[in-house]
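*Asks:* Before I ask anything, let me first share the structure, which is written out below as structure tokens.
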Amino acid sequence: MTEISTIEPWTDSSQKAYIEIKNVTKKFGDFTAIDNLSLDIYKNEFFSLLGPSGCGKTTLLRMLAGFEKPTEGTILLDGEDISQVPPHLRPINMMFQSYALFPHMSVEKNIAFGLKQDKLPKNEINDRVEEMLELVQLTEFAKRKPDQLSGGQRQRVALGRSLAKRPKLLLLDEPLGALDKRLREQTQFELMNIQEKLGVTFVIVTHDQEEAMTVSSRIGLMDTGYLTQVATPTEIYEAPVNRDVADFIGDVNFLEGTYKGKNETGTQLDSDDAKCVVYATQVTAADIGRKLWFAIRPEKLEISKRKPDFEHNILKGKIEDISYTGSMSTYHVKLANGKVLTACRANRERSVEHQLTWEDEVYLHWLPHSAIVLQS
Amino acid sequence: MKRFTAFNMTTLLLGFAFLYIPIIILVVFSFNESKLVTVWGGFSTKWYGELMNNQSIKDAAWVTAKVAFTSSTIATLLGTIAGLVMTKFGRFRGRTLFSGMIYAPMVMPEVIIGLSLLLMFVALSIDRGVMTVTLAHITFSMCYVAVVVQSRMSSYDDSINEAALDLGCTPFKTFFLITLPIILPAVISGWLLSFTLSLDDLVIASFTSGPGSTTLPMKIYSMVRLGVTPEINAVSTILVGLVAIGVVTGSFIGKKQKTN
Amino acid sequence: MNKIKGFRGIGRTAVIGIPYLWLSVLFLLPFLIVLKISFAEPIIAIPPYTSLLQWGDSFWPTIKASFDGYLFILEDSLYVNAYLSSLKIATISTLIALVVGYSIAYSIAKAPRRWRGVLLMLVILPFWTSFLIRVYAWIGILKTEGLLNLLLLSLGVIDKPLTIMNTDLAVYIGIVYSYLPFMILPLYANLEKMDFSLLEAAADLGCRPFKTFWTVTIPLSLPGILAGCFLVFIPVVGEFVIPDLLGGTQTLMIGKVLWLEFFNNRDWPLASAVAIILLAILIVPIMYYQKTQEKAIS
């Protein structure tokens, strides 16, 4: 099964991590920015560090780049300890959030800068610069200065410049933040293509979960200095480890309740919210009466006017709010006890009138394997 | 909505009149045939001619030029380093004292600075001359340069330096290849500021100069004490003219740089 | 605020060290020497003062310090009056310069954007011309036979020439004239950044223009006001050129006193003592100024 292990090297214990962050702590005076964090990143991954502002993701990135030194712990790149190596001696390049283009140099000179520092022969530099200009599609703009370029063009210069030296690892600090939505989406795919084409390992920092989900091979979710979950986008979305993670990515419904036991169909939860017993196939061992939560994504809640023909997991409520975005409709359904659940579905039939409208009495239903049980 | 009222306009006109009328009178009367300031005897450039024959003024001008060029260049060097240290070097031992030594000379009365430097030169048995005046000028000029550079550096984007480091440039090279070219306008205006301060200084030069190193301001001052003559007006007009050309050129270059 | 990380160890110390060393030797050390000399006595010698340490028969030197200079200054009404007069003149000039400078700075800040650069340059231009020359220019105007009197006489406003030259009034005019750019620039720097929509908000809430000025504009421009006042007040206290050229024998300013004591009387210890006392008076404002500037940067 070697094929699987090259696509998902983290599952294969024989594969050695390319970047090993071992028990790294970073303190700024009394403030702990990174708390005993350990992480393995593999070659050719497109790894995202995702989290809210202030969670420490940028600090971690800067430690990889060499602009901060860990207070404790080590960082290994391809087996070598780089924790004390200054940034200009690391085979790592970074694309800055502000792009940080040299304002007094042309696009060409910006891209050539790193190569000049390596004292490469002139014609080799010229070739490489041409290659990069083509890669980021800026060949006609070679002689322009940064202040003569648009935001999107500047971003590409920054990308070209950071790839010119063919680094082993490329770090990207919120690279798409300043772009408008369309350009952002376009650039996301371009980044993925470039990464595959050049075979470079990317580590990207972002606060935009959609972006992380789109581009990443794996996501490292961070919160105030530590990693809450490291997994593929699918795993994070469908199998979050706790409510914070579930809530951070996408929308989710929580049903709170107490553990009732388990049977052949799965875990039973005596839910106050739902005022009935609900079921999930996930097997969870817990003490009877212990507080647990069911998490169900809105797209997995079926909504209908007719009572569904199932035994369990049926709730009744009234549509309170509808959010119509063209392709999807999202319904806020108020249950009898006041709790509001969110259900959404694709508008598969073309119809100008709403099939379900405000104040409609509806039934919500989900399949037992659609929900997961969270202990925290 | 910033309404520029008639009151504002009047204020500006009066203000600029106040600032410029004395200078204009000075220039006008340098072309006065008559020796008296209040009587217009006709247009004449004879005082400029006398000026050209006045060796002591020419010597003083030469001393001033030497001192001004040397001191501004060295002051710009030192001041730029100081400005960098103040903004980018964070906390270090003795920072408060350093900062104090940068700001204090800007407000300190010149008599105190002049006196203290002279006393030190005497105590160290250093002969006073062009060198001591230059040393004195460097000392107070560098503070002004430091403040100008500091002000520019506080809005400097550090990530540009980081990008250079990241691409393999050593910190030392980064300063010369990246930082310096970017802050060059501020450094140049620091140089111009030092040059003007040196050109203009009377008090400190009086304390710190020696025989044979009379500066132009010192010469003018001694002439003024003897009485007002149009020759002084002439020398003043030349200086004003030079400075005006310098400032206007400087601001044109500054504007052109901005639009580029 | 990021530090240039590469400057570690030796490199960093050297870079900090160079300007630090220069200033310590050429700025700080001289003050210590002035302090030392202020405790000496004047003698006919080169240098014309006694040394602090007397090496006699015993191993350790004796310290020969004399407080005569200080006592003389503090007891003699001439000096005390000179200090007080300097403070008075400096305060009044600063206030006049503040009023004049504020009006000009405010008007420039409200001017249309494209004019502002030119206007500022016009303010700065006189500053770049020689201080001495500008003061000198006023002599010709303020003299008894000067242009101002000429103008007023010919217009019939007065029938006898005014005596302005060699009086305190001339000194005030000279000081305000020379130091005006120092007042205008920090004021303008502050006013330019002011959010004029705050004034509109005040008006919207019913505040009259005059009141808005005092309750909104002035407090917001306080940093600029303080900076400008420090930049004028502190050096003016020790000003020499203006009282010497424009003031009379009645105009007492400590800068002039120091100069005369040093050059005319050749009493170096006394001049040093005068300087030390002046420094002591000004040290608090100087430190305050430095604090406000540091705060402004960080």
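The values are calculated or read from the model by the stated rules, or taken from the named source; none is laboratory data. Because the structure is a prediction, the values reported are computed rather than measured. Reconstructed Cβ throughout: ideal geometry from the backbone, glycine too, with neighbour counts over all protein chains shown.
*Asks:* For region B:122-135, does any single residue satisfy the condition of being at the interface with chain C (Cβ under 7 Å from one of its Cβ atoms) and buried (at least 22 other Cβ atoms within 10 Å of the Cβ)?
*Replies:* Within region B:122-135, not a single residue is at the interface with chain C (Cβ under 7 Å from one of its Cβ atoms) and buried (at least 22 other Cβ atoms within 10 Å of the Cβ).
*Asks:* In this structure, is A:I75 closer than 20 Å to B:T174 by Cβ, hydrophobic (A, V, I, L, M, F, W, C) and within 23 Å of the chain's Cα centre (by Cα)? Give the steps one after another, and end with the answer.
*Replies:* Numbers: closer than 20 Å to B:T174 by Cβ: no; hydrophobic (A, V, I, L, M, F, W, C): yes; within 23 Å of the chain's Cα centre (by Cα): yes.
So A:I75 does not fit the description; no.
*Asks:* In region C:211-224, is there at least one residue being within 11 Å of chain B (Cβ to nearest Cβ) and surrounded by fewer than 20 Cβ atoms within 10 Å (Cβ to Cβ)?
*Replies:* The answer is no; no qualifying residue exists.
*Asks:* Which residue pairs have Cβ atoms under 6 Å apart, sit 6 or more places apart or on different chains, and have a first residue in region A:111-127 that is outside the structural domain of A:H88 (by TED's automatic domain parsing) and a second that is part of a helix (DSSP H, G or I) and among the acidic types (D, E)?
*Replies:* Note: no pairs meet the criteria.
*Asks:* From the residues in region B:158-206 that are within 10 Å of chain C (Cβ to nearest Cβ) and assigned to a loop (DSSP other than H, G, I, E, B), which one is nearest to B:A104 (Cα to Cα)?
*Replies:* Looking at the filtered set, the residue picked out is B:D201.
*Asks:* To continue, here is another question. Considering only region A:153-174, how many residues are over 18 Å from B:I160 (Cα atoms) and not in a strand (DSSP E or B)?
*Replies:* Selection size over region A:153-174: 3.
*Asks:* Also: All but one of (1) in contact (Cβ under 8 Å) with a residue 24 or more places away in the chain; (2) closer than 30 Å to C:L148 by Cβ; (3) under 22 Å from the mean Cα position of the chain (by Cα); (4) more than 7 Å from chain C (Cβ to nearest Cβ) hold for B:T64; which doesn't?
*Replies:* Checking B:T64 against (1) in contact (Cβ under 8 Å) with a residue 24 or more places away in the chain; (2) closer than 30 Å to C:L148 by Cβ; (3) under 22 Å from the mean Cα position of the chain (by Cα); (4) more than 7 Å from chain C (Cβ to nearest Cβ), the one that fails is (2).
*Asks:* Give, as residue ranges, the strands (runs of 3 or more DSSP E) completely inside region A:306-376 that count at least 3 residues that are not β-branched (V, I, T).
*Replies:* A:314-324, A:328-335, A:340-346, A:361-365
*Asks:* Which numbered condition in (1) more than 8 Å from chain B (Cβ to nearest Cβ); (2) modelled with pLDDT of 90 or more is the only one that A:A65 fails?
*Replies:* (1)
*Asks:* Out of B:S154, B:S222, B:S194, which single residue is surrounded by 18 or more Cβ atoms within 10 Å (Cβ to Cβ) and among the hydroxyl-bearing types (S, T, Y)? Spell out how you get there, then give the answer.
*Replies:* On the way: B:S154 fails: surrounded by 18 or more Cβ atoms within 10 Å (Cβ to Cβ); B:S222 fails: surrounded by 18 or more Cβ atoms within 10 Å (Cβ to Cβ).
Checking each option against the conditions leaves just B:S194.
*Asks:* Next question, about the same structure. Might you check whether a residue that is surrounded by fewer than 21 Cβ atoms within 10 Å (Cβ to Cβ), within 14 Å of another protein chain (Cβ to nearest Cβ) and either in a loop (DSSP other than H, G, I, E, B) or touching a residue at least 12 places away in the same chain (Cβ under 8 Å) (or both) occurs anywhere in region A:175-187?
*Replies:* yes
*Asks:* Between B:S209, B:S236, which is modelled with pLDDT of 90 or more and either crowded, with 22+ Cβ neighbours inside 10 Å or touching a Pro at 6+ places or on another chain (Cβ under 9 Å) (or both)?
*Replies:* B:S209
*Asks:* Evaluate the following for A:K291: is it within 32 Å of the chain's Cα centre (by Cα) and among the basic types (K, R)?
*Replies:* yes
*Asks:* Can you give me the ranges of the helices (runs of 4 or more DSSP H) entirely in region B:20-119 with at least 2 residues that are in contact with a helix residue (DSSP H, G or I) (Cβ under 9 Å, 6 or more places away or on another chain) and closer than 16 Å to C:L26 by Cβ?
*Replies:* Ranges flagged: B:55-88, B:95-107.
*Asks:* Run down A:K119, A:K109 and say which single residue is modelled with pLDDT of 90 or more and surrounded by fewer than 21 Cβ atoms within 10 Å (Cβ to Cβ).
*Replies:* Unique residue meeting the criteria: A:K109.
*Asks:* On the basis of being more than 7 Å from every other protein chain (Cβ to nearest Cβ) and either crowded, with 21+ Cβ neighbours inside 10 Å or more than 26 Å from C:P285 (Cα to Cα) (or both), does B:K88 make the cut?
*Replies:* Working: more than 7 Å from every other protein chain (Cβ to nearest Cβ): no; either crowded, with 21+ Cβ neighbours inside 10 Å or more than 26 Å from C:P285 (Cα to Cα) (or both): yes.
For B:K88, the condition - more than 7 Å from every other protein chain (Cβ to nearest Cβ) and either crowded, with 21+ Cβ neighbours inside 10 Å or more than 26 Å from C:P285 (Cα to Cα) (or both) - is not met.
*Asks:* Further, regarding this structure: When you scan region A:244-264, do you find a residue that is of a type in the set (S, T, Y), assigned by TED's automatic domain parsing to the domain that holds A:R90 and either in contact with a helix residue (DSSP H, G or I) (Cβ under 8 Å, 6 or more places away or on another chain) or surrounded by fewer than 22 Cβ atoms within 10 Å (Cβ to Cβ) (or both), even just one? So that I can check it myself, show each step before the final result.
*Replies:* Let us first name the residues in region A:244-264 that are of a type in the set (S, T, Y), namely A:258-259.
Right, trim to assigned by TED's automatic domain parsing to the domain that holds A:R90 and you get none.
No, there is no match, as no residue in region A:244-264 is of a type in the set (S, T, Y), assigned by TED's automatic domain parsing to the domain that holds A:R90 and either in contact with a helix residue (DSSP H, G or I) (Cβ under 8 Å, 6 or more places away or on another chain) or surrounded by fewer than 22 Cβ atoms within 10 Å (Cβ to Cβ) (or both).
*Asks:* Right, next: Considering each of C:V274, C:V284, C:V257, C:V236 in turn, give the residue that is on the phi < 0 side of the Ramachandran plot and under 13 Å from the mean Cα position of the chain (by Cα).
*Replies:* Numbers: C:V274 fails: under 13 Å from the mean Cα position of the chain (by Cα); C:V284 fails: under 13 Å from the mean Cα position of the chain (by Cα); C:V257 fails: under 13 Å from the mean Cα position of the chain (by Cα).
Matching residue, one of C:V274, C:V284, C:V257, C:V236: C:V236.
*Asks:* Turning to a different aspect of this structure: Among the residues of region C:119-148 satisfying the criterion of being among the hydrophobic types (A, V, I, L, M, F, W, C) and over 27 Å from the mean Cα position of the chain (by Cα), which is nearest to the other protein chains (Cβ to nearest Cβ)? So that I can check it myself, show each step before the final result.
*Replies:* Filtering region C:119-148 for residues among the hydrophobic types (A, V, I, L, M, F, W, C) gives C:119-125, C:127-128, C:131-133, C:135, C:137-139, C:141-142, C:147-148.
If we keep only those that are over 27 Å from the mean Cα position of the chain (by Cα) as well, we get C:147-148.
Details: C:L147: 6, C:L148: 10 Å.
By that ranking, first place goes to C:L147.
*Asks:* Can you work out which of the residues in region C:8-25 that are at pLDDT 85 or above and not hydrophobic (A, V, I, L, M, F, W, C) is surrounded by the most Cβ atoms within 10 Å (Cβ to Cβ)?
*Replies:* Ranking the qualifying residues of region C:8-25, first place goes to C:P19.
*Asks:* In the set C:E261, C:E294, which member is touching a helix residue (DSSP H, G or I) at 6+ places or on another chain (Cβ under 8 Å), part of a helix (DSSP H, G or I), among the charged types (D, E, K, R) and surrounded by fewer than 21 Cβ atoms within 10 Å (Cβ to Cβ)?
*Replies:* Step by step, each of C:E261, C:E294 is checked, and only C:E294 is touching a helix residue (DSSP H, G or I) at 6+ places or on another chain (Cβ under 8 Å), part of a helix (DSSP H, G or I), among the charged types (D, E, K, R) and surrounded by fewer than 21 Cβ atoms within 10 Å (Cβ to Cβ).
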